[in-house]
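Notes follow the structure.
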Amino acid sequence: MKACYHEDVVFNDEVFKKLDFDHVTSMWSMLLRGAKKDGGLELVFDSVEANDDSGSANWTATYKFQGRKVVNRIHAEFTFKDGKIVTHNDSFDFYKWAKQALPLGFVLGLFIRPVIQK
């Protein structure tokens, strides 16, 4: 992923907000290390569209998070600069993700979301 991002990238999703190049590439490293440790990661893409300036895709990530199976359906929007991603915005159902990934699921998601977004 590091090679895909422009040095001026800004990444946002339902958990991480306004990540710069160093933080977004660290986030991907952390997620991929965790997936490898927990048994792998399956990615399925559809509705992929792109031109020189922007793009979008739907993708589904299936993985284990702290031993729990997670199936996360994500919509991604991108803009490009110099052939690399300069903005990357992912959207998904945070509470559905939390219900699968967190020990107390939805309830914990209500309280933890504001904390992890800071």
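The values are calculated or read from the model by the stated rules, or taken from the named source; none is laboratory data. Remember, it's a predicted structure, so these values are computed and weren't measured experimentally. Counting neighbours? That spans all protein chains shown, and the Cβs are built from the backbone with ideal geometry, glycine included. Remember, those area values only see protein heavy atoms, side chains included, never the ligands or the DNA or RNA. Shrake-Rupley method; radii C 1.70, N 1.55, O 1.52, S 1.80 Å.
Quick notes on this structure:
- Subset of the stretch 8-29 [in contact (Cβ under 8 Å) with a residue 60 or more places away in the chain and open to solvent by 70 Å² or more (accessible area, probe 1.4 Å)]: 8, 17
Table: residues versus (1) in contact (Cβ under 8 Å) with a residue 24 or more places away in the chain; (2) within 12 Å of the chain's Cα centre (by Cα); (3) under 16 Å from residue 90 (Cα atoms); (4) open to solvent by 60 Å² or more (accessible area, probe 1.4 Å).
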site	(1), (2), (3), (4)
31	no, yes, yes, yes
34	yes, no, no, no
42	no, no, no, yes
47	no, no, yes, yes
55	yes, no, yes, no
59	no, yes, yes, no
67	yes, no, no, no
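- Output for the stretch 69-79, where each listed residue is surrounded by 14 or more Cβ atoms within 10 Å (Cβ to Cβ) and either of a type in the set (Gly, Ala, Ser) or over 21 Å from residue 89 (Cβ atoms) (or both): 76
- When the stretch 25-48 is filtered for residues that are outside any loop (DSSP other than H, G, I, E, B) and of a type in the set (D, E, K, R), the ones remaining, listed by number, are 33, 36, 37, 42, 46.
- Test: residue in the stretch 72-82 that is of a type in the set (Ser, Thr, Tyr) and at pLDDT below 95: no
- Selection from the stretch 3-17 of residues that are farther than 23 Å from residue 96 by Cβ and either out of contact with any strand residue (DSSP E or B) (no Cβ under 7 Å at 6 or more places or on another chain) or not in a helix (DSSP H, G or I) (or both): 3, 5, 6, 7, 8, 9, 10
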